[in-house]
1. So what's the net charge close to E33: Lys and Arg +1, Asp and Glu -1, counting the other residues with Cβ under 9 Å from its Cβ?
2. At 7 Å along Cα-to-Cβ for each site, give me the label-to-label distance between R39 and E10 in nm.
3. Could you quote the convex hull projected area for the stretch 1-40, Cα atoms only and averaged over all directions, in nm²?
4. Which order, highest average first, do 45-57, 12-24 follow once you tally other Cβ atoms within 10 Å for each residue and take the mean per peptide?
5. At 0.36 nm per residue, minus the direct Cα-Cα distance, what do Q3 and A19 gain on full extension? Give it in nm, one decimal, please.
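Here, each number is a calculation from the coordinates, and none is a lab measurement. Just so you know, these numbers come straight off a predicted model, no measurement behind them. Cβ atoms come from the backbone with ideal geometry, glycine included; neighbour counts cover every protein chain shown.
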Amino acid sequence: MSQTYLTTEELSSRIKYDARTIRERLKDSVLLEGIHYFRPFGGRKILYIWEKIEEDMMRGLTVDSLIASIQ
């Protein structure tokens, strides 16, 4: 399965949220490392996985879905 990797700025334009809001409010509370984003080669750069984010946005994120996605 092919996945679409997006920078914070690219994700910002797709979901119509400011890049700063993504970095300060969504990352690590709604968008979780290892599920919605990763750091390639252990670096500082973050790439978001569009298909996972889109799936969770359409489904509606609940505590139960967060727990299920981690397990």
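1. Values: positive: K27, R39; negative: D28.
Once positives and negatives cancel, what remains is +1.
2. Distance between the two pseudo-spin positions: 2.0 nm.
3. Numbers: hull surface 12.4 nm².
Over all viewing directions, the stretch 1-40 projects a mean Cα-hull area of 3.1 nm².
4. 45-57, 12-24
5. 3.7 nm is the gain from fully extending Q3 to A19.
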